[in-house]
Each structure stands twice: as C-alpha cells, then as structure tokens.
Amino acid sequence: MNARQRVRGMIALSGWAVGGLAGIVFVLVVLGLGGFFAGPDAGITALAGLVVGGGIGIAGGGVVQVFARAAMPRPALPTPLGPAVLPAAPVPVERRIPLREGGLWAGYHERCAGSVRRFHDLVAVLDPGPVRDWLVDLGVKMDAELEEVLRLARYGEALAPGGDGHETSETAQRISARLEEAARAFAATLDRAGGVALDVSAASDFEAIRAQLELLEAQAPHLRGEPEA
C-alpha cells in the first residue's frame, strides 16, 4: 500500500476528525496573523476560533469522508455456495454369466436362437402385406422371449454350471423344464409359420388365414408371462 492509499484510507475512516483539526489550525492561524490575539480578549478569541474552526472543519471533513469511502474499492462478497452435491451412488455392475460352450444351458439357448433366426429368414421372403406385417410383429415378440431364454439359461448356469440334465438343485430342474418347453415352442412356431407362408401363397383373402395367425401367436412361447422359476 503506497502513501496515497494510506492517506485515502485514513480520510475514509476519520475524515471528520482530520477536517476538524485542520479547521481549528486554519482559523487560529488566520486570527493570529490578523493580530486578534494581541488584545485583552485573546482567550475568548482563541476559544471562538476553536469552536468555529472545529465546526467548519468537522462538517467539511465529514463530506470528504463520505466521498472517500464511496471511492474506496469494496471487498468482493464471497460467492454463495450452491446446494451440496452428494456423490452419486455407485451403479451396480451387472455380471454377465457366460454359458459354457457345449453345456446344457448353452444348448437350450442355441436351439431357441436357431428357431428365431430361421423364423426371421422365413418372414423376409414373404411378399409385403398384412400377413407379413403380422409375422413381423410376432418376430419382435419372439426376440423378447429369446432374451428371457438367455436370462433363464444364465440362472441355470449359475446354479448348475454346464448342466448335465441331472441337476440336484430343484430350481435348476425347474429352469431346465421351462427351457425345454420353450425350445419346443420356438420350433413349433417356426413350423406353423411355414405352414402359414404356404397358405398365403395359395389364398388371396387375408381373413381366410387370420384364424391361423391368431392361433400361431397364442401358441408362441410366453416365458415373460410365466412365474419365476
């Protein structure tokens, strides 16, 4: 801090006192130079000089103090803190259980996936029309059912790694039974879809094969609607 800044700070803090003192000195000097202290009333003159000079100086110093304070840089206000941000809870990492190649659970999934893949191949060669649209929608549902097959197969892999068809776990046996039923249902859906495709080529009326499509959809696998094993 240099001398000028120190003077400004002193005036901003006690400008009235500095002004009062300067006013008294100024008035007394003027009175002294004017010879007012030479007479018998020098004491009264000095007292009057103190009062008048002090009053004028305090008033003037107060005004200067106000302006000095206004000119001083204000300290920056602390930045208000925002709401406390709690650390995000760790996201649980899903552990993907691989199906053992050649094992029972992998075999179930491969059978179901093969039926779904051939179903999509069959639908792809159909001519555009309401029957094809119906089977496309059914294919989307079968894809979702295949995801459920994979989930159940991973459960089985966790309970009976590899699987040999003679699992001692009751839950693993129930999963095995559900997956066997699903594999057969996928294969049957593929076969029935092939029959519908043949009928489509022979019939021109959609209503004539609508019943077959409704039966096909009803008999497709519905693992997601069944209770957990």
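So the values come out like this:
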read-out	value
Search result, residues across segment 102-140 that are modelled with pLDDT of 90 or more, among the acidic types (Asp, Glu) and more than 37 Å from the chain's Cα centre (by Cα)	GLU110, ASP121, ASP133
The listed residue being at pLDDT 85 or above, assigned by TED's automatic domain parsing to the domain that holds ARG111, part of a helix (DSSP H, G or I) and within 20 Å of ASP127 (Cβ to Cβ), out of ALA187, ALA193	ALA193
The listed residue being surrounded by 14 or more Cβ atoms within 10 Å (Cβ to Cβ) and either in the same structural domain as GLU214 (by TED's automatic domain parsing) or over 19 Å from ASP191 (Cα atoms) (or both), out of GLY102, GLY129, GLY156	GLY156
Given (1) within 39 Å of the chain's Cα centre (by Cα); (2) modelled with pLDDT under 95; (3) over 13 Å from GLY103 (Cα atoms), index of the condition GLY156 fails	(3)
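The values are calculated or read from the model by the stated rules, or taken from the named source; none is laboratory data. From a predicted model like this one, the values you see are computed outputs, not experimental measurements. Methodologically, a virtual Cβ is constructed for each residue, glycine included, from the backbone with ideal geometry; neighbour enumeration extends over all protein chains shown.
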